[in-house]
Amino acid sequence: MSKSLVLYSNNPDDKIFAAEAAAVAHLNLEVKSDFIGVADALAAGEVGAVFCEIIDQAAFRKFEEAIQSRVGLFSDKVNGNHFHFLTDLDIEKTTFLLESPLFGNFVLRHYESPKADGQHYGRIVAASQTDRAFGLESIMKSKTQSVKLEWTTQKQDAVDAVRNYLLAAKFKARMATTVANAVDEILMNAMYDAPVDDLGKSIYQSTPRSTPMKLENKAAVQMEITYDGKYVAVSAIDLYGSVDKKKLLAHMAKSYQREEFRVRATHQGAGVGLGQVFRSGGSVLFSSEAGSRTEVTIMFRRLDMFREFKDQFRFLGTQFYF
Amino acid sequence: MLNAAKETTDQGLVVRLSGTIEENVNFEQLIGTPPAKLIVNCKEVARINSVGVKAWIKYFQSLQGKSKLRFQECSTAIVEQINLISNFLCGGGLDSIYVPFTCVSCKSQLVGLFKIEDLKKMGMNVPELKCSKCGNKAVFDDIPEEYFGFLTRV
Ligand SMILES: [Zn+2]
C-alpha cells in the first residue's frame, strides 16, 4: 500500500496543488477537515507528506497542540522533512513556524497555476520520500551539468558563467543577475561556512572571503546546474554536512528592513545572503546529511516580467538526515 | 570586480563605480583619502553580493563625520539593497535612482533615471516610457511597494 499525502486547508487552490503534488510523488491524497484528523493520520502511520495551511500563529499553535496530543511533537512518527506548510505570510513573520520541531518546508503559495505549481513541487515531495533527497536529477527532469571548483578564487568566474548561461537561455538581464547573486551566496557558503573542525566549530568564520583556498578532499565543492525550459536550478555541494538548521532558519527569516544591519568584525560572512535569495523570488532547498554532505539548491522560474519573477511561487525546503 | 573613475567637481569629488561589488572590493584603495564632499555615482554597479554589502556598509559608515556623502544614479542592484537594508545609505543623501521598465510589446528591459524629489511627488505612479527598441510603451516592472519602499525613509 502506498503512503498518503494528508492535506488540511480551506483554500480550494491548495487542494488542486496538493492533488497534483500527490500524483507526482505517488502518494494517495487524503483530505482532513481539522488538525485532529491530520494528527490521527500521523498516529496511524503511513503518511508520506503533510500539507497544512497556516494562516497565523494562533492557528499554528493549535496544529502543534493537536500533534502533541495524538502523537507527540518529538515522536518517531513526526519528521519535519515531511511537513509542508502552505501560507501567504511573509517569511519574516513566520519565526513561530520556522522554530517549531515540526518544520519542515515553507511553501509561499503565490500560485500562478495551482496545477502546474503542484506538479513542480511534487518533485520535491517525491525526493523527500527517498532515502536521501540528493542530486538535481531527483527534482529536475532536464540534463544536469556538473562543475568541480578547484579554488575559492574560481567562484566569481562560476557565477559569471551561470549568468551568461542564463542570458543565452533568454533570461532577462535583471533576472539573470538575481540568479547569479543567489549562486554566489550558495557557493560562498559551501566554501567558507560549511568547513567545520571535529568539534563542529567553524574553521573559516573569521577568514576574509577573498582568501584563496584550495578546494580538495573534504573541502571539495561542486556546482550543478540545469534548466528545463521553465525553471533553472543550481546546487552547491559540500562534504561537511554541517548546516545548523536552527541558525540557518533564523538567518532566512531575518530582515534588515527595519532593523539596522551591524557589521561584525569577528564574522566574515554577512548573514544576509540566503534570506535575500528567497525575497528576490528564489526557492531554496537544503538537503543535509550530518557530517557527510550538504546540497543547497536554488530554483527560479524564467518569466518575462520582473514583477512576476519576484512574486513567483516558491518554497524554502529543508531535508535533514541525522 | 569593481572600478572607480574619479572626477573633481564644484559639488565635490564624484566617484563613478562600475562592475560588481564582491569580496575582493577595497573601497579604501579605490576612493582614497575621503574628501569633505563625496558623491558616489552607482549607475554602472551591476551586482552586489552579501560580502560586498558588508564591505560597503563598513566603509561608508567609517566616513560618517568626515565626509558629506551623496549617492546618485543608483542602479536597480543598489536600490534593492537600499530597500532591504535600512542603514545601507549610511547617513548619506540620495539624489536619483534608476527605475526598471519592461516593454509590453517586445519585452525589452530598460531603465529610466528619476530624481528622488520627483518620485516623492509621483507617489508610486511612475509614467510609462517609450521602448527604445520597438517604440511601444514600457511599463514600470517591479513591485511598487518594494521598489519604492525606501521613499518613506529618505
Ligand atoms: Zn519594445
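All of the numbers you see were taken from the coordinates with simple rules; none came from a lab. None of the values given here were measured: they were computed from a predicted structure. Please note: Cβ atoms are built from the backbone with ideal geometry, for glycine as well, and neighbour counts cover all protein chains shown.
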Normalised contact order of the stretch B:99-154, rounded percent, pairs of Cα under 8 Å and 6 or more residues apart: 38
Furthest towards positive pole of dipole, A:V159, A:Q257, A:F286, structure part chain A, Cβ charges: A:V159
Too-long pairs where the Cα-Cα distance tops 19 Å, listed order kept, from A:K172/B:K121; A:K170/A:K230; A:K201/A:K254: A:K172/B:K121; A:K201/A:K254
Cα shape, the stretch B:1-94, gyration tensor, a/c 1.5 rule: rounded
Charge sum, other residues only, whose C-beta stays under 11 Å from B:A55's C-beta, Lys/Arg counted +1 and Asp/Glu -1: 0
Stokes-Einstein D for chain A, Kirkwood Rh over Cα pairs, 10 °C, 1.306 mPa s (µm²/s): 79
Euclidean distance of C-alpha centroids, the stretch A:227-243 and the stretch A:31-60, integer Å: 30
Length-normalised contact order of chain A in % [C-alpha pairs under 8 Å, at least 6 apart]: 17
Cα-projected label distance for B:E145 with A:V24, points at 7 Å along beta-carbon direction, nm: 2.8
Prolate/oblate/rounded label for the stretch A:1-115 (Cα gyration tensor, a/c 1.5): oblate
Between the stretch B:74-144 and the stretch A:183-203, the alpha-carbon center distance in angstrom: 36
Total formal charge among the other residues, if their Cβ is under 12 angstrom from that of B:L2, Lys/Arg +1 and Asp/Glu -1: -1
Average Cα contact separation per residue, the stretch B:1-81, under 8 Å, 6 or more apart, as relative contact order %: 31
Cα shape, the stretch A:101-214, gyration tensor, a/c 1.5 rule: oblate
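How big is the Rg/Rh ratio for the stretch A:141-279, C-alpha atoms only, Rh by Kirkwood, two decimals? Walk me through the numbers on the way to the answer.
On the way: Rg = 15.6 Å, Rh = 16.1 Å.
Checking Rg against Rh, the ratio lands at 0.97.
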Rough spin-label spacing in nm, given labels placed 7 Å along Cα→Cβ, for A:A44 and A:F96: 2.9
For chain B, built as a Gaussian network whose Cα springs stay under 10 Å, the top-fluctuating residue of B:I143, B:I39, B:I57: B:I143
Degrees between helix A:12-24 axis and first principal axis of chain A (Cα, 0 to 90, nearest 10): 70
Formal net charge of residues neighbouring B:S18 (Cβ-Cβ distance under 13 Å; K, R +1; D, E -1): +2
